[in-house]
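Data block below; observations after.
The values are calculated or read from the model by the stated rules, or taken from the named source; none is laboratory data. Keep in mind it's a predicted model, so treat the numbers as computed, not measured. All Cβ positions, glycine included, derive from the backbone under ideal geometry; neighbour counts span all protein chains shown. Quick note on the areas: whole protein, heavy atoms, side chains included, nothing else; ligands and nucleic acids left out. Shrake-Rupley method; radii C 1.70, N 1.55, O 1.52, S 1.80 Å.
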Amino acid sequence: MESRNPVFSKRLFERAREDLIGSGSMTVGGTVYKTFVMLVLLIGGAAYTWYRFDQGYDVYGIMIAGVVLGLIAALVTSFVPKVAFITAPLYAIFEGLALGAISAAFDAEYPGIVLNAVLITVGTLFAMLLLYVTRIVKVTPSFRTGIIMATFAIMLVYVFDFILGFFGVNVPFIHESGLIGIGISLFVVVIAALNLLLDFDFIEQGASYGAPKQTEWYGAFGLMVTLVWLYLEVLKLLSKFAKRD
């Protein structure tokens with residue numbers, strides 16, 4: 001039951017079930033519906049900032065606010081799962097505001113790149129879902145451990161690069177459009193995509209375990225976090241290819 005997300009654990013389900021006895025059980029269908037709701041909210045937020053960008057407004061402040069508030073909502077959701085029915089939708093809205101600004105800026109520099117990134121992200125989602133439901137790829141303990149370790153390593157590199165950025169220094173290659181830089185981005189995209197399998201497995205096991213109905217918001221939140229990460233990594237990878245043209 002363990003997952004890369006600190007709140008995706010068997011202990012979470014046990015605690016939630018104790019708190020919400022009689023609220024109904026978590027289902028895969030219910031989680032999918034709530035994921036769809038969050039996706040609509042995210043798209044709405046993104047459309048707003050994209051529109052303002054096209055109208056010539058400065059959306060940098062909105063982007064920063066979206067990132068900060070989205071991070072706060074994510075942390076609250078992670079550590080207080082019972083309020084996910086409130087914080088998860090808020091996370092989707094805030095991330096949408098940030099993604100809209102980021103996407104508009106990328107599309108202004110590389111026309112058409114956002115549509116391609118969205119199509120690749122959606123295609124990857126369904127491809128991973130197909131691999132999961134057909135059990136072509138099985139989420140075994142060793143598989144789960146490998147993906148978690150790779151994800152953790154990537155996040156450490158990103159945090160390290162963020163800190164170095166304050167001193168005008170970047171981790172070599174990860175922002176470059178050379179073959180090594182593209183290779184690194186491809187690796188990260190693959191790891192992000194494989195994380196979707198862990199999310200599917202967590203949601204399925206949560207439903208089988210009998211987690212309370214309200215936990216569906218938490219499952220939807222975890223899946224949305226992975227999708228946002230995957231989209232950003234695909235966008236970054238495509239921009240590197242565009243720079244080489």
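One table, with the values for the structure above:
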| read-out | value |
| --- | --- |
| Near pairs, Cβ below 6 angstrom, 6+ apart or cross-chain, from region 228-245 (over 21 Å from Gly96 (Cβ atoms)) to any residue that is outside any helix (DSSP H, G or I) | Lys240/Ser177; Ala242/Tyr110; Lys243/Ser177; Arg244/Ser177 |
| Matching entry among Leu156, Leu179, Leu186, Leu164 (being under 22 Å from Lys240 (Cβ atoms), free of Cβ contacts under 8 Å to residues at least 40 places away in the same chain and within 19 Å of the chain's Cα centre (by Cα)) | Leu156 |
| Filter pass, Val37 being part of a helix (DSSP H, G or I), free of Cβ contacts under 8 Å to residues at least 12 places away in the same chain, open to solvent by less than 60 Å² (accessible area, probe 1.4 Å) and of a type in the set (Val, Ile, Thr) | no |
| Region 110-133 - residue that is open to solvent by less than 70 Å² (accessible area, probe 1.4 Å) and not in a helix (DSSP H, G or I) and, of those, farthest from Glu204 (Cα to Cα) | Tyr110 |
| Ser177 vs. criteria open to solvent by less than 40 Å² (accessible area, probe 1.4 Å), modelled with pLDDT under 95, farther than 20 Å from Gly219 by Cα and touching a Lys or Arg at 6+ places or on another chain (Cβ under 9 Å) | yes |
| Checking Phe143 against (1) over 21 Å from Leu197 (Cβ atoms); (2) without any contact (Cβ under 8 Å) to a residue 60 or more places away in the chain; (3) surrounded by 14 or more Cβ atoms within 10 Å (Cβ to Cβ); (4) of a type outside the set (Lys, Arg), the condition it does not meet | (1) |
| Residue check for Ile86: among the aliphatic types (A, V, I, L, M), surrounded by 15 or more Cβ atoms within 10 Å (Cβ to Cβ) and part of a helix (DSSP H, G or I) | no |
| Complete set of residues in region 58-83 that are closer than 24 Å to Val118 by Cβ, buried (at least 20 other Cβ atoms within 10 Å of the Cβ) and not hydrophobic (A, V, I, L, M, F, W, C) | Gly66, Gly70 |
